[in-house]
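To start, the structure under review is shown below, and the notes come after it.
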Amino acid sequence: MRSVIAGLLVLAGFLGGADTARALDWSSFSFFATRAQAPDPAITTVPRILRYGGDSAAGAPFIFKDPANPSRTVGLEVDIMAQLAPRLGGMPIFVQNRFDMLIAGLGTELYELAVTAPAITPDTAAPTVNFSIPYYTTFGQIVIRRGDPAIAGLKGLKDKTVGTLKASQIAEILSRSPDIVLKTYDTATEVFADLKRGEIDATVVDFPIAVYQARPDRALQFTGDPIGRIQYAIALKRGTHPELYGALNTAIYAMSQDGSLRRILDRWALWTPMMAQEVDDKRPMQAEPSAYEHYVEASTPRTFVSEVERYVRFLPQIVRGVIRTLEVSLLAMVAAMVLGAVLAVTRVYGGPVLGRAARAYVDGMRGIPLLIVVLFIYYGLPTVGLQLDPLVAGVLALGLSYAAWMAENIRAGLRAIPRDQMEAAIVLNMTEFQALRNVILPQAARIVLPPTARNFVSLIKDSSLVSVLPLLELTKTYQQISVTYSDYFGTGLLVAAIYLVISLPFVRLAKWAEIYAGRGMSRVAP
Amino acid sequence: MQPIVRAQDITKAFDTTPIVKGVSFQIGTGDLAAIIGPAGCGKSTLLRCLNGLEPLDSGSIEIFGVKMAREPGAPAPTKETARQLRQNVGMVLQGNNLFPHKTLLQNVMMAPMVVRNAPRDEAAAIAERVLEKVGLAGEMDRYPIDLSGGQQQRGAIARALALAPKVMLYDAPTAALEQALVDEVLDVMKGLGGEGLTQIVVTDEIGFAREACDRTLYMEDGEIVEVLVKDEGAGGPKDPRTQTFLGRFA
């Protein structure tokens, strides 16, 4: 991996000028110093608003919701971007995206830069992105249950089941030792939960993750020597903003030299011996570890009252998530209804060719998992030049998928209407379209409404699959909050209850539809 | 006779089975005409051809000056031609086919509003007038399912009348009714005849045909065997086939 980064850095040097390429030779630890002679790139063409993608569900310390005030997004990377962006002449804007989609998000130009370091490895990204020079060098920390026998280092992990984060640099290092049984996870919260459950013997995670998510936990302890050598860099899409690439490297270098990077790392209690060596800074601590202390203070379990206060505090976030979920679901319902009606009418009245096409769509779409549709529309279609807003993509995916189900409902409704209803309308000299609109569809609608309302209930539930898009709906909000507080239980119950409440009106609609919309369909008492 | 309906050499086949085999007749303005004959003789199909509901294979139909013709093997008349023809022709189909999701009043109002773009109150006024004519003024706000069979048929007549047709076609309007309800439907038709409306009814009510109809077309095997004209004094059917058929009802 190191060689890949080195390769990228050589490329960086190539962009910056021939003299710097030599200076960026990885064998020299003093590359930061030499890089200072690089000419200042023209920063005028760098975007005014510098969007950076990260995953706040990945947890502390990188980018996360401040436990003391969940409406604030904080973290090491937020602080670094806050320093870095002005040096590039832009204003930093954080864009939320799922950690395993961060690189894909660069491709769709959802943002210019991608952070959330443990998730970004050159291996996953190689062909489409460039990496900046590293801004942080750290190592893998072994964490075990408190009281378990100490493990010396990589060799001590032999024949043990070891958990770590999926697609991380650590995972790659560990996978090179064939004696280690490796288990990978989406989030650090899950890694430590499994460690405490005894599912795994030990975990190795990036030192910053260990500091924030294991050290404060009484049930866990650090052990052994540092493992490996991990570097964090910032990714950007290859080919766009070539001037940004040079400016980014220059700015990172300048921050490492003027002490501002050191102060940020000290505030987060993340300074490492490797960093000291890397930037040749042997000074003692330059800032109070205030950010670390704030995090530990705010996230440790407290009294019942403060627990309740905590739930109240993240209510605004939940409300925003609910609004998003409703927005996606309702728009998708409209799309599914309209398209479903068109498909059904085409199947019943559209003639053999169109009818068969509609049938092929319905049968095909019902066989494709919704998640595939969601991912394909948002991350797949840009390949053929169609790049959609996440909201539009989510609505479209749900709408297209549910249209197939709606079409079958509506078709059943249409076929339940006797043929002579159409004839009765025709002899009244209506056109076929007028007959459909005034006679056939209104009757079909009454038959179709109850199963449709039930379909809507499942659509609302399935809208949670849209959380794989950079869209902060209710499920995504749940993941974020749970990670922030390491609490999947209470928030889980809360969010489940909210989904239930949202779908209640449609359950009621189904009941209402069966009674009132059935007027004229059954005899009333005289 | 002042003909309002002229049918000339009408043929109609389903697949390769000929159902109507070259039928010609005329109906005079204000006449009440019956088409009778054994089951499967093609009388319903003939009636459905008259307003273009079934496209005829060949022949010509002219109703109130609008003509629809087809040479053998030529393409079917356009939907537009059929719609022009139907502007003057109302029809009550076999069975009960009021729109079940609408009240009786709404059923009758629909066609004027949809087809003629009549404003709602105008359509309501028309609907109330024709419903009164068929004796359903008290049932206007009920749904079809809550009406008796006879009321439903009268409702269907009112629905067709709302477009003020010059000619009314009825396809076995009393076929599905119990005997007690038949008369209330036939009485409505007699009443409309008294107002000068031209009506053609396919029926099995031989007594009604004999007593109330100005002319009765007897059909057998896709052809008109004989036209019986009321009050012509010629004294009953001449063709032995007609005699045999009518003999069964004597």
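Could you tell me whether any residue of the range A:33-45 is surrounded by 20 or more Cβ atoms within 10 Å (Cβ to Cβ), modelled with pLDDT under 50 and of a type in the set (Val, Ile, Thr)?
For the range A:33-45, residues surrounded by 20 or more Cβ atoms within 10 Å (Cβ to Cβ), modelled with pLDDT under 50 and of a type in the set (Val, Ile, Thr): absent.
Which residue out of B:Ala137, B:Ala162, B:Ala176 is over 15 Å from B:Ala34 (Cβ atoms), among the hydrophobic types (A, V, I, L, M, F, W, C) and at pLDDT 95 or above? Spell out the reasoning first.
Values: B:Ala137 fails: at pLDDT 95 or above; B:Ala176 fails: at pLDDT 95 or above.
Matching residue, one of B:Ala137, B:Ala162, B:Ala176: B:Ala162.
Any chance the range A:422-442 includes a residue that's out of contact with any strand residue (DSSP E or B) (no Cβ under 8 Å at 6 or more places or on another chain), surrounded by fewer than 20 Cβ atoms within 10 Å (Cβ to Cβ) and more than 14 Å from every other protein chain (Cβ to nearest Cβ)?
no
Could you say whether any residue in the range A:150-157 is within 16 Å of A:Val191 (Cα to Cα), in contact (Cβ under 8 Å) with a residue 40 or more places away in the chain and surrounded by fewer than 22 Cβ atoms within 10 Å (Cβ to Cβ)?
no
With modelled with pLDDT of 85 or more and assigned to a loop (DSSP other than H, G, I, E, B) as the only criterion, which of A:Ile133, A:Ile93, A:Ile80 stands out? Let's see the steps before the verdict.
Working: A:Ile93 fails: assigned to a loop (DSSP other than H, G, I, E, B); A:Ile80 fails: assigned to a loop (DSSP other than H, G, I, E, B).
Exactly one residue qualifies, and that residue is A:Ile133.
Within the range A:355-368, is even one residue over 30 Å from A:Trp405 (Cβ atoms) and either touching a residue at least 24 places away in the same chain (Cβ under 8 Å) or in a helix (DSSP H, G or I) (or both)?
No: the range A:355-368 contains no residue that is over 30 Å from A:Trp405 (Cβ atoms) and either touching a residue at least 24 places away in the same chain (Cβ under 8 Å) or in a helix (DSSP H, G or I) (or both).
Identify, from the list A:Ala336, A:Ala357, A:Ala393, the residue that is farther than 30 Å from A:Gln96 by Cα and small (Gly, Ala, Ser).
Being farther than 30 Å from A:Gln96 by Cα and small (Gly, Ala, Ser) holds for just one of A:Ala336, A:Ala357, A:Ala393, which is A:Ala357.
In the range A:342-354, how many residues are part of a helix (DSSP H, G or I) and of a type in the set (Gly, Ala, Ser)?
Going through the range A:342-354, the residues part of a helix (DSSP H, G or I) turn out to be A:342-349, A:351-354.
Still in the list and also of a type in the set (Gly, Ala, Ser): A:344, A:351.
Selection size over the range A:342-354: 2.
As an exercise: evaluate B:Thr242 against (1) buried (at least 18 other Cβ atoms within 10 Å of the Cβ); (2) at pLDDT 90 or above and give the number of the one condition it does not meet.
Here B:Thr242 clears every test but (2).
When you look at A:Ile252, is it touching an Asp or Glu at 6+ places or on another chain (Cβ under 9 Å), part of a helix (DSSP H, G or I) and modelled with pLDDT of 85 or more, yes or no? Step through it out loud before you land on a result.
Numbers: touching an Asp or Glu at 6+ places or on another chain (Cβ under 9 Å): no; part of a helix (DSSP H, G or I): yes; modelled with pLDDT of 85 or more: yes.
Against the criterion (touching an Asp or Glu at 6+ places or on another chain (Cβ under 9 Å), part of a helix (DSSP H, G or I) and modelled with pLDDT of 85 or more), A:Ile252 does not qualify.
What number goes with the only condition from (1) over 28 Å from B:Gly28 (Cα atoms); (2) of a type outside the set (Val, Ile, Thr); (3) within 14 Å of chain A (Cβ to nearest Cβ); (4) part of a helix (DSSP H, G or I) that B:Ala127 does not pass?
Single failed check for B:Ala127: (1).
Would you mind stating whether B:Leu192 is crowded, with 18+ Cβ neighbours inside 10 Å and modelled with pLDDT of 95 or more?
Values: crowded, with 18+ Cβ neighbours inside 10 Å: yes; modelled with pLDDT of 95 or more: no.
Considered against the rule, which asks whether it is crowded, with 18+ Cβ neighbours inside 10 Å and modelled with pLDDT of 95 or more, B:Leu192 comes out as no.
Could you run through the range B:130-150 and say how many residues are more than 11 Å from every other protein chain (Cβ to nearest Cβ), surrounded by 17 or more Cβ atoms within 10 Å (Cβ to Cβ) and assigned to a loop (DSSP other than H, G, I, E, B)?
Residues that pass the stated criteria total 3.
Only one of these is at pLDDT 85 or above and among the small types (Gly, Ala, Ser): A:Gly75, A:Gly59, A:Gly17. Name it.
Working: A:Gly59 fails: at pLDDT 85 or above; A:Gly17 fails: at pLDDT 85 or above.
The unique qualifying residue is A:Gly75.
Every residue, every condition in (1) within 10 Å of chain A (Cβ to nearest Cβ); (2) free of Cβ contacts under 8 Å to residues at least 40 places away in the same chain; (3) not in a helix (DSSP H, G or I), yes or no:
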| residue | (1), (2), (3) |
| --- | --- |
| B:Gln152 | no, no, no |
| B:Gly155 | no, no, no |
| B:Pro165 | yes, no, yes |
| B:Ala175 | no, no, yes |
| B:Leu186 | no, yes, no |
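The values are calculated or read from the model by the stated rules, or taken from the named source; none is laboratory data. In this text, all values refer to a predicted model and were calculated from it rather than measured experimentally. So basically every Cβ, Gly included, is an ideal-geometry build from the backbone, and we count neighbours across all protein chains shown.
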